[in-house]
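Here is the structure we will look at.
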Amino acid sequence: MLRSLQIEPEKCTGCLQCEMACSYQAEGVFNPSKSRIKIFTFHDEGRFVPYTCTQCTEAWCLHACPVEAIVINEATGAKEVIDDICVGCKVCTIACPFGTVNYNQETAVVQKCDLCGGDPECAKACPTQAITYVDSDHTGLERMRAHAAQNLPQDNA
Amino acid sequence: MKHVIVGAGPSGVIAAETLRKVDPTSSIIMIGDEPEPPYSRMALPYYLIDKINEEGTYLRKSSSHFGSKDIDVIRDRVTTIDPKNKSLNLEQHDAINYDKLLIATGSHPITPPIEGMDLPGIHSCWTLEDGRNIVNKARPGSNVVLMGAGFIGCIILESLALRKVNLTVIEMGDRMVPRMMDQTAGNMIKSWCQEKGVSVHTSTRVDAIEKGSGESLKVKLDNGEVLDADLVISATGVAANIQFLDGSGLETDEGVLVNDRLQSNITDIYAAGDVCQGKDFSTGEYSVQAIQPTAADHGRIAAMNMAGKDTVHQGCVNMNVLDTMGLISSSYGLWMGIDGGESAKLCDNDRYRYLSLSFEDDVMVGAQAVGLTQHVGVLRGLIQSKLNLGKWKDHLIKDPTRIMEAYLANTQAIGHNAGVM
Ligand SMILES: Cc1cc2nc3c(=O)[nH]c(=O)nc-3n(C[C@H](O)[C@H](O)[C@H](O)COP(=O)(O)OP(=O)(O)OC[C@H]3O[C@@H](n4cnc5c(N)ncnc54)[C@H](O)[C@@H]3O)c2cc1C
Ligand code: SF4
Ligand code: SF4
């Protein structure tokens, strides 16, 4: 059974533990600016929304890539960037309608969430369970995805 | 069912793979006239700077990829099509019959009507063969003149600069990337490039090219200046590969005319990619976009319809991203704005940052950005989902950088959180 990250913004306190854990796992440094998951702050309402790639079925990033540098990890379902193949053209970064694959000028390749190979650090680091790693057919998850992708064309291939 | 695809670029390849997925028992033939395995033109700039080798440009990395999917790849040129007999004529092979045909022949660089364009030392940057020629001639210190600072010209610009040539760019328009970005952005990119040591002439034309001493060339500009060049690269525009369709009865204009199923005026013939005059999401009109994401979308949707799975094409959002010597810029949809529509702008010339969002009522319809690298794609999300921004439009007019929040606030109202944001 594939699993997915479920994000419940209402539980997030904005502590940034997930960003710390992600940047450490991905780049070996505690630096939120290098994290693949981001906390967005709504100052007016005092709310926080964790956000990262939903590993969407449409995989806009993967289809737009001209050199097959984004592939599906069959074990986790994650869409993963292969750094050695990525040429850094950034087409995936403009194609993902959720803005969750980003170019890194230092490495000259793009970066996105890869579910840490099936054991996501952000979910483990979150003290309030605003991020959990759940079975992919969990109902709340479907709602989350449907909502994020409302009005976008669906893939029926 | 026998599907035949003419053209083995990204749109042909994606169509072939989609057909295999949705029509497993069909026979699929893909015909391409270039000598290499299917590759991506988009990867050429990275080949020029040795970031990848030739194999790195290939669309599919495994040599058994097409064979394993039972996709028959034929290397040959289609000379004419005969819709009455549902057959194709090829240069070297016998004629081939089809049940469904996809035209995915891409486009070619146009040669501007300038005296001397046929001299040796003048190249386009369109094929792997062109790439090899440029690698040979663009040596550190050599004088290179790049004609055209459109989208493709600007992409090559970075590679040439990284090859440490003495680079001069000549553009007819009054700014760089005139069809992708406005005056502010185009000029920002220009001054950035100049600061990095590239000489950029806008509102300037090449009048003629003549032979100079030895193998060098003399490039004459309309302002009277004459430039010495070891290599001239022409990137002055592209045109669809539709010549071979003359006399076939297939209707063409800028490209092959299609409906919202990517079907031509002849029932069993479809078109996709650079050769296809497909629907534009923003205008609802049919135009040639000639970009990779559109080629990919077309390939998939045309294949669905060829396989009998009725799929309507909603139209592609025109979008581009560019890296000019470290300055990253992007543009989407109706970036120039619409009559009577509002816009949100942020401009900081000193820091090379620019963001311009255009709206129709409270829906974002276009955007351009310079110096933005994080979450750029959400601009597509906002435009393509036609999200009603409500009060968030005013927030964006005050601070256009809050695009990600605007998207989340309008899409993440889920669970216990419903309605609170
Ligand atoms: C240097 C460069 C950089 C680019 N960078 C970008 C970028 O950053 N972003 C972006 O979105 N786009 C970019 N593009 C454009 C992008 O590469 C094209 O939009 C894309 O290749 C279109 O794919 P296609 O399959 O329609 O056509 P093509 O890739 O052109 O493939 C068509 C194939 O059909 C073959 N063919 C033509 N006629 C026949 C015939 N009669 N018989 C058999 N075969 C035939 C052609 O030789 C070719 O191999 C770039 C292009 C170039 C040249
Ligand atoms: S990066 Fe974007 S397009 Fe790619 S899988 Fe994630 S959400 Fe989908
Ligand atoms: S930036 Fe890398 S992963 Fe993204 S489309 Fe280009 S080559 Fe593919």
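A few comments on the model shown:
- Heavy-atom SASA rank of B:Thr111, B:Thr79 (probe 1.4 Å, accessible area, largest first): B:Thr111, B:Thr79
- When the range A:55-112 is described by a simple charge dipole with +1 on each Lys and Arg Cβ and -1 on each Asp and Glu Cβ, the residue from A:Ile94, A:Ile70, A:Gln105 located farthest towards its positive end is A:Ile94.
- Nearest-10 value in Å² for the accessible area of A:Tyr24, using the 1.4 Å probe: 120 Å²
- Net dipole in debye of the protein assembly as shown [+1 Lys, Arg Cβ; -1 Asp, Glu Cβ; about Cα centre; nearest 20]: 880 debye
- Diffusion coefficient, µm² s⁻¹, Stokes-Einstein with Kirkwood Rh over alpha-carbon pairs of the range A:55-112 at 20 °C and 1.002 mPa s: 191 µm²/s
- With 25 Å as the limit, the listed pairs A:Lys11/A:Lys34; A:Lys79/B:Lys345; A:Lys38/A:Lys124; B:Lys164/B:Lys220 have A:Lys79/B:Lys345 beyond it between alpha carbons.
- Shown for the range A:75-89: residues covered by the partner protein chains by 50 Å² or more of accessible area relative to the chain by itself (probe radius 1.4 Å), namely A:Val87.
- Aspartates and glutamates whose Cα lies under 19 Å from that of B:Lys391, excluding same-chain neighbours fewer than 8 positions away: A:Asp44, A:Glu45, B:Glu342, B:Glu360, B:Asp361, B:Asp362, B:Asp399, B:Glu405
- Size of the protein assembly as shown as Cα extents on the principal axes (Å, biggest first): 72, 59, 48
- With θ taken as phi - 60° and the Karplus curve 6.51 cos²θ - 1.76 cosθ + 1.60 applied, the whole-hertz 3J(HN,Hα) list for the range B:143-158 is 8, 10, 10, 9, 8, x, 10, x, 4, 5, x, 5, 5, 6, 3, 4 Hz, x standing for glycine and proline.
- Surface share of carbon and sulfur [accessible, 1.4 angstrom probe, percent] for the range A:55-112: 51 percent
- Residues whose amide H falls under 5 Å from that of B:Gly237, counting only those 5 or more places apart or on a different chain, are B:Ile110, with hydrogens built in the peptide plane.
- Entry note, chain A: relative contact order of 29 percent, from Cα contacts under 8 Å with a spacing of 6+ residues.
- Remark on B:Tyr39: its backbone amide H falls under 5 Å from those of B:Leu59, a criterion applied only to residues 5 or more positions apart or on other chains, H modelled at 1.01 Å from N.
- The distance from the alpha carbon centre of the range A:1-39 to that of the range B:338-394 is 27 Å, rounded to a whole number.
- When the helices of the protein assembly as shown are scored as -39500 (n - 2.57) per DSSP H run of n ≥ 4 and the total is divided over every residue, the value at 222 nm lands at -6500 deg cm²/dmol.
- Occluded residues from the range B:374-391, i.e. those whose accessible area drops by 30 Å² or more once the chain is not alone (1.4 Å probe): B:Gln374, B:His375, B:Gly377, B:Arg380, B:Gln384, B:Ser385
- 3J(HN,Hα) along the range B:31-40: 10, x, 9, 8, x, 7, x, x, 10, 10 Hz, from the Karplus curve 6.51 cos²θ - 1.76 cosθ + 1.60 with θ = phi - 60°, whole Hz, x for Gly and Pro.
- This model, with +1 at the C-beta of Lys and Arg and -1 at the C-beta of Asp and Glu, gives the range B:273-371 a dipole about its Cα centre of some 340 debye.
- Computed with a 1.4 Å probe on the full set of protein chains, the accessible area for B:Glu251 sits at about 100 Å².
- Qualifying trypsin sites (Lys or Arg not before Pro) in the range B:310-376, where qualification requires a DSSP coil assignment and no more than 11 other C-beta atoms within 10 Å, comprise B:Arg351.
- Among the protein heavy atoms, those of B:Ser234 account for about 10 Å² of accessible surface (1.4 Å probe, every chain in place).
- B:Val256 long-range amide H proximity, modeled H, under 5 Å: B:Cys276, B:Gln277
- Solvent-accessible area, 1.4 Å probe, carbon plus sulfur percent, for the range B:255-398: 43 percent
- Taking the Cα centre of chain B as origin and assigning +1 to Lys and Arg Cβ atoms and -1 to Asp and Glu Cβ atoms, the resulting dipole is close to 1080 debye.
- Top positive-direction residue, dipole computed over the protein assembly as shown with Cβ charges, set B:Val4, B:Ile134, B:Phe359: B:Phe359
- Placing unit charges on each Cβ (+1 for Lys and Arg, -1 for Asp and Glu) gives chain B a dipole about its Cα centre, and among B:Val206, B:Ala235, B:Leu48 the Cα reaching farthest toward its positive end belongs to B:Leu48.
- Average beta carbon contacts from partner chains per residue of B:33-43, 10 Å cutoff: 2
- With θ taken as phi - 60° and the Karplus curve 6.51 cos²θ - 1.76 cosθ + 1.60 applied, the whole-hertz 3J(HN,Hα) list for the range B:95-104 is 4, 10, 8, 9, 8, 10, 10, 10, 8, 9 Hz, x standing for glycine and proline.
- Value of relative contact order over the range A:71-138, rounded to a whole percent, pairs C-alpha under 8 Å and six or more apart: 26 percent
- Burial of 10 Å² or greater, the range B:301-320 residues [accessible area, probe 1.4 Å, versus chain by itself]: B:Met304, B:Thr311, B:Gln314, B:Met319
- Pairwise burial B:A, computed as accessible area of each alone minus the pair, summed, 1.4 Å, Å²: 4600 Å²
- Accessible area per residue in Å² at 1.4 Å probe, computed on the range B:326-411: 36 Å²
The values are calculated or read from the model by the stated rules, or taken from the named source; none is laboratory data. This is a predicted model, so every value here is computed, not measured. Positions of Cβ are generated from backbone atoms using ideal geometry, with glycine treated the same way; all protein chains shown enter the neighbour counts. Quick note on the areas: whole protein, heavy atoms, side chains included, nothing else; ligands and nucleic acids left out. Shrake-Rupley method; radii C 1.70, N 1.55, O 1.52, S 1.80 Å.
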